[in-house]
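First up is the structure itself, then whatever we jot down about it.
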Amino acid sequence: MPFGILEAKRLGERIGSVRVEAPLIASNARAGQFVILRLDERGERIPLTLCDWSADEGWIFLVFQEVGKTTRHLGTLKAGDALQDLVGPLGVPSEIDRYGKVLCVGGGVGIAAIHPICRALKEAGNEVVSILGARSAELIILEEEMGLVSDRVIITTDDGSKGHKGVVTWAMEEELKRGGVDLVVAIGPAVMMKFASAVTRPYGVPTRVSLNSIMLDGTGMCGTCRCEVGGETRFACVHGPEFDGHEVDWGLLLERLSAYREEEEESLKRYLSSTETAAH
């Protein structure tokens with residue numbers, strides 16, 4: 001049955017959002033999970049991480065970046081339109097506990113994915129410091145919503161148009177130097193997560209990353225989300241999407257992504273020019 005769109009909004013340049021009526025998914029959703037949607041009978045299946053939901057009101061909130069035909073089409077839909085198929089919640093939920101001080105690091109549309117994780121960590125009694133990064137001010141999304149689930153919010157932009165000029169790893173380093181950080185959760189472009197994991201390694205701080213950006217069919221059948229973690233082959237959609245950032249083979253992952261995603265190459269250039277940190 002079709003899933004009605006209750007609200008559609010633009011959040012930034014090539015970034016859109018939809019609030020969709022999906023009571024069964026909303027009543028079972030947990031932080032870190034995702035859904036698979038199909039716009040129409042001839043459409044492709046794409047995964048999107050759950051950004052928010054209401055079990056009482058029966059809706060889920062999805063944020064997407066327009067990078068291909070399906071997401072561009074999704075960006076044209078309005079309230080009153082409907083999605084043909086919606087499956088979920090899928091994936092292993094985030095592990096939520098009372099850790100102490102947690103850094104939640106979101107890059108670009110990764111901010112949407114980290115939002116429910118921050119909320120769950122805050123509700124569990126943690127001190128949550130959110131670090132949000134993007135190329136420029138207009139690409140920082142959900143700032144107000146992140147403020148509501150964080151003790152502090154730090155913003156970085158490449159061009160300095162908002163917050164601190166630089167990338168998120170700079171702000172991470174400053175917090176790590178102060179000490180007392182018990183956990184880092186980082187979600188964004190793969191290269192951002194690679195460098196975030198490299199920054200935390202010398203401090204011995206556990207670091208989780210979400211490999212949701214490499215998923216396709218969400219069932220483990222297509223093999224697109226295959227990755228190496230701790231020397232073993234894993235599939236992000238069924239074993240993740242969250243993994244230990246210190247165990248991910250980032251070299252292999254980035255090599256595969258760069259073969260068909262120009263945005264990862266652009267992100268790599270940005271981080272190489274902004275930090276001297278190296279990771280393997």
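The values are calculated or read from the model by the stated rules, or taken from the named source; none is laboratory data. Quantities reported herein were computed from a predicted structural model and do not represent experimental measurements. Virtual Cβ from ideal backbone geometry, glycine too; neighbours counted across all protein chains shown.
Can you pull out the residues in the stretch 118-143 that are of a type outside the set (A, V, I, L, M) and surrounded by 15 or more Cβ atoms within 10 Å (Cβ to Cβ)? C118, R119, K122, N126, E127, S130, G133, R135, E143 - these are the residues of the stretch 118-143 that are of a type outside the set (A, V, I, L, M) and surrounded by 15 or more Cβ atoms within 10 Å (Cβ to Cβ). Quick check on my filter: what residues within the stretch 106-130 are under 15 Å from S94 (Cβ atoms), among the charged types (D, E, K, R) and free of Cβ contacts under 8 Å to residues at least 40 places away in the same chain? Passing the criteria: K122, E123.
Among the residues of the stretch 157-198, write down those that are free of Cβ contacts under 8 Å to residues at least 40 places away in the same chain, of a type in the set (G, A, S) and in contact with a helix residue (DSSP H, G or I) (Cβ under 6 Å, 6 or more places away or on another chain). S161, the sole residue that qualifies.
Among the residues of the stretch 54-86, those identified as touching a residue at least 60 places away in the same chain (Cβ under 8 Å), under 16 Å from I25 (Cβ atoms) and touching a helix residue (DSSP H, G or I) at 6+ places or on another chain (Cβ under 8 Å) are V63, L86. Right, G58: over 20 Å from the mean Cα position of the chain (by Cα), surrounded by 16 or more Cβ atoms within 10 Å (Cβ to Cβ) and closer than 21 Å to C225 by Cβ or not? Answer is no for this residue. The criterion of at least 1 residues that are at pLDDT 90 or above and either under 15 Å from the mean Cα position of the chain (by Cα) or surrounded by fewer than 19 Cβ atoms within 10 Å (Cβ to Cβ) (or both) is met, among helices (runs of 4 or more DSSP H) falling completely within the stretch 144-257, by 168-178, 190-200. Counting only residues that are among the β-branched types (V, I, T) and either more than 20 Å from E127 (Cα to Cα) or touching a Phe, Trp or Tyr at 6+ places or on another chain (Cβ under 7 Å) (or both), the stretch 163-179 holds 2 of them.
For the stretch 103-136, the set of residues classified as farther than 20 Å from H164 by Cα and touching an Asp or Glu at 6+ places or on another chain (Cβ under 7 Å) consists of H115, P116, A124, E127, listed by residue number. With respect to the stated conditions, T70 is buried (at least 17 other Cβ atoms within 10 Å of the Cβ), assigned by TED's automatic domain parsing to the domain that holds L11 and of a type in the set (S, T, N, Q).
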